Amino acid sequence: MKSKLLSLPYIVWMLVFTMIPLVMIGVTAFTDNSGCFSVDAFVSAFQYTNIFLKSLWIALLSTVICLLLAYPLAYIICQMRPSTQKTVIMLMMIPMWMNFLLRIYAWVLLLQNGGPLDTLLSAIGIHGDYSNNTAAVVVGMVYEYLPFMLLPIYTVMGKIDKSLIEAAQDLGSNKASVFRRVILPLSIPGVISGITMVFVPSASTFVVAQYLGGTDDIMIGDVIDKIFFTNNHIGAALSLVLMVFILLFLVLMNKFGDEEAIA
């Protein structure tokens, strides 16, 4: 009885701030301006298919880069002394204390023409456009979400029983074999959590592309953000489609994680 009472605030919170808004979005998506049932909003949403696919591609690319950077970094941190590990993790988290928009705007100033990066590279004879393109959007995404990939991997990797590594070494395994047979399989849950925590917000973000992308780099989150002011039915339909895709992705990741746990 006590546990049910303790969970009551959480249930009320979920009902008011999660379930009711979802129901409202669903009703808006499946009705027209007169309040009658209609799927016209979903038909109209098909015109944004290319933007939707590009958003998923940018989110996937950003997730892969975050994984390639975070995994070896987490492994290196785990080899450090405990006190040093805490210091490094704190340094990784300090930028997260700043406002999201301020961090993105800092990248705008850094990558813009005539900015620090352009000036430095121009001085050594390298010229190019480093802002208002897809590459700049990916850089901003990786910067924003790298800690969300690093922390789960580091947490899981740091909890690996050292005796398992020592046992593998006693049986004649070299460092590469220990990593492949012990560390990598046991760190998969952290990898799956990291992929989920990076891909989901990357696919639905609506700020990064506005500041760092060009006219062809608009993402589905930006479309949803803007279209609600002109046609909330189409915006709600796009939101539902994106939510369904994200839910399918989460189910896939959970299933993959369960299979890894069984193996």
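The values are calculated or read from the model by the stated rules, or taken from the named source; none is laboratory data. Being a predicted model, the structure only gives us computed values, none of them experimental. Note that we place each Cβ from the backbone using ideal geometry, even for glycine, and neighbour counts take in every protein chain shown.
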Could you tell me which residue of the range 112-131 is farthest from the chain's Cα centre (by Cα), considering only residues that are of a type in the set (S, T, N, Q) and within 19 Å of Y211 (Cβ to Cβ)?
N113
Filter the range 194-248 down to residues that are among the aromatic types (F, W, Y) and in contact (Cβ under 8 Å) with a residue 60 or more places away in the chain and give me whichever is surrounded by the most Cβ atoms within 10 Å (Cβ to Cβ).
F199
Report, by residue number, each residue of the range 70-86 that is among the hydroxyl-bearing types (S, T, Y) and either under 19 Å from G190 (Cα atoms) or within 24 Å of the chain's Cα centre (by Cα) (or both).
Y71, Y75
From the list I234, I195, which residue is part of a helix (DSSP H, G or I) and within 17 Å of C66 (Cβ to Cβ)?
I195
Does A45 qualify as being in contact (Cβ under 8 Å) with a residue 12 or more places away in the chain, farther than 23 Å from D222 by Cα and not in a loop (DSSP other than H, G, I, E, B)?
no
Residues of the range 146-177 classified as farther than 22 Å from L69 by Cβ, assigned to a helix (DSSP H, G or I) and not small (G, A, S), total
6
Flag for I188 being out of contact with any Leu (no Cβ under 9 Å at 6 or more places or on another chain), of a type in the set (A, V, I, L, M), in a helix (DSSP H, G or I) and touching a residue at least 60 places away in the same chain (Cβ under 8 Å)
yes
Among the residues of the range 73-111, the number that are in contact (Cβ under 8 Å) with a residue 60 or more places away in the chain, under 30 Å from A209 (Cβ atoms) and out of contact with any Leu (no Cβ under 9 Å at 6 or more places or on another chain) is 3
Based on what the data block shows, is V27 in contact with a Phe, Trp or Tyr (Cβ under 8 Å, 6 or more places away or on another chain), at pLDDT 90 or above and surrounded by 12 or more Cβ atoms within 10 Å (Cβ to Cβ)?
no
Filter the range 40-99 for residues that are surrounded by 12 or more Cβ atoms within 10 Å (Cβ to Cβ) and basic (K, R); the one that is nearest to N232 (Cα to Cα) is K54
